[in-house]
Amino acid sequence: MTKRFEKIDPTALLGQEPTGIDLEIGFGQSSFVVEHAQRNPSRLVIGVEVRKQAVAHVQDIATKSGAKNILLVYGNGSLCLQDMFHDAALDTIFIFHPDPWVKRRHHKRRLINPAFIELCLQKLKPGGKIHLSTDVQELWQEIEATLAGFNQALTPVNDDPFWATEYTTRWDDFSKRQQRKTFWATFRKR
């Protein structure tokens, strides 16, 4: 049976009304979600990851950081997005280096697809942003083609300062060491 999620009460989780709600889907072993929570203590920062060991590892980092505005959950990112949040509740969705599922027969498992983008649009507030990155060129081309189908609902944000000031992930460091180009973009919901 697939794990489902309960709707969250952001005020109860944070102990006050948050100034915003941010979700990272698939944080893996990266501590970005913790660092983002530390930089933004008045925001509720949620991370979802499909690997239990990664959740336990990053939860340990979060606990040691002392951040009180973070919630890490184990499970499927699409189901988390669908179940946990009311419509138009999220300010930001972060998706960094999603699994490329390189084999053609596994492409159907890729996270970024039209149904998923529809769900993101449903859960984002007007003006909310999606930050995406990968170092797999074929996957990036597929992501761009998928997002091109949503040009009436999403606007590319050129030169978003996020990429220069906040973006740090374990995978980005790995890509640099491997001399692989990282592709990234920000899209704003109209």
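Here, each number is a calculation from the coordinates, and none is a lab measurement. Because the structure is a prediction, the values reported are computed rather than measured.
Key figures
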| item | result |
| --- | --- |
| Length gained when the stretch N113-S42 is fully extended (0.36 nm per residue, less Cα-Cα span) | 22.4 nm |
| With 5 Å bins from 0: P(r) over the chain, alpha-carbon pairs, percent | 1, 8, 16, 21, 23, 17, 10, 3, 1, 0 |
| 222 nm mean residue ellipticity, helices alone, for the chain (DSSP H n ≥ 4; -39,500 (n - 2.57); rounded to 500) | -10000 deg cm²/dmol |
| Segment 133-190: C-alpha gyration tensor shape, a/c 1.5 cut-off, then a/b vs b/c | oblate |
| Set K3/K52; K68/K176; K3/K189; K68/K129 screened for pairs whose C-alpha atoms are more than 20 Å apart | K68/K176; K3/K189; K68/K129 |
